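Quick notes on the structure that follows.
The values are calculated or read from the model by the stated rules, or taken from the named source; none is laboratory data. For clarity, every value in this text was computed on a predicted model and none was experimentally measured. So basically every Cβ, Gly included, is an ideal-geometry build from the backbone, and we count neighbours across all protein chains shown. Surface areas here come from the heavy atoms of the whole protein model, side chains and all, with no ligands, DNA or RNA. Shrake-Rupley method; radii C 1.70, N 1.55, O 1.52, S 1.80 Å.
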Amino acid sequence: MAPKKAKKKSADGANSNVFSIFEQSQIQEFKEAFTIMDQNRDGFIDKNDLRDTFAALGRLNVKQEEIDEMLKEASGPVNFTVFLTMFGEKLKGADPEETILNAFKVFDPEGKGVLRKDFVTEMLTTQADRFTPEEMEQMFAAFPPDVAGNLDYKNLVHVITHGEEKDQE
């Protein structure tokens with residue numbers, strides 16, 4: 001009997017610990033996202049919820065294997081705590097804002113905070129972990145360059161690390 005109690009205690013500790021990773025405002029945003037994805041409002045995200053969420057986002061032909069792979073990432077049924085834990089695990093490996101900014105600054109010796117779109121495209125598609133054309137398209141759709149063709153990498157890094165647009169100074 002004692003091992004069961006120990007196991008239960010460690011599981012509870014892991015669950016409560018996930019709430020300490022995020023700020024309260026972030027937890028609220030995750031809760032809103034979870035509620036949107038939990039289409040049938042049963043407190044769990046399942047295959048049908050994922051399919052409905054994709055459909056709501058305009059992606060109608062999602063393969064069953066893709067949905068199965070997504071759900072396999074969870075340790076069990078995806079309730080809010082599991083959902084939050086999954087995001088915590090994904091974000092745990094993310095570099096801090098300063099590290100990502102410094103990587104961009106290497107290519108911006110004048111410190112303008114912007115890089116040419118064509119230069120960014122060349123670097124990200126030919127060096128190290130190469131981006132696919134689809135990934136480049138997604139990035140520029142989310143972070144369009146200005147009329148001069150410059151990418152505001154400071155805002156990009158802020159959104160990557162904080163999940164929200166940086167207030168314009």
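A compact table of results
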| item | result |
| --- | --- |
| By average C-beta atoms within 10 angstrom, highest first, the peptides 154-161, 28-35 | 154-161, 28-35 |
| Rounded if a/c under 1.5, otherwise prolate or oblate - region 36-104, Cα gyration tensor axes | prolate |
| Of Lys90/Lys154; Lys72/Lys117; Lys47/Lys90, pairs whose Cα-Cα distance is over 27 Å | Lys72/Lys117 |
| Accessible-area composition of region 61-148, carbon plus sulfur, in percent [1.4 Å probe] | 56 |
| Residue-normalised accessible area of region 45-169, given per residue in Å² at a 1.4 Å probe | 69 |
| Among Val120, Ala141, Pro77 - extreme Cα towards positive end, dipole of region 39-145, charges at beta-carbon | Ala141 |
| Overall form of region 100-169 per C-alpha gyration tensor (a/c, 1.5; a/b vs b/c) | rounded |
| Ranked packing of 109-121, 126-138, most packed first, by mean Cβ within 10 Å | 109-121, 126-138 |
| Net length gained if the chain between Thr125 and Leu60 were fully extended (0.36 nm per residue, minus Cα distance) | 20.6 nm |
| Whether region 26-169 is rounded, prolate or oblate, judged on the alpha carbon gyration tensor where a/c under 1.5 counts as rounded | prolate |
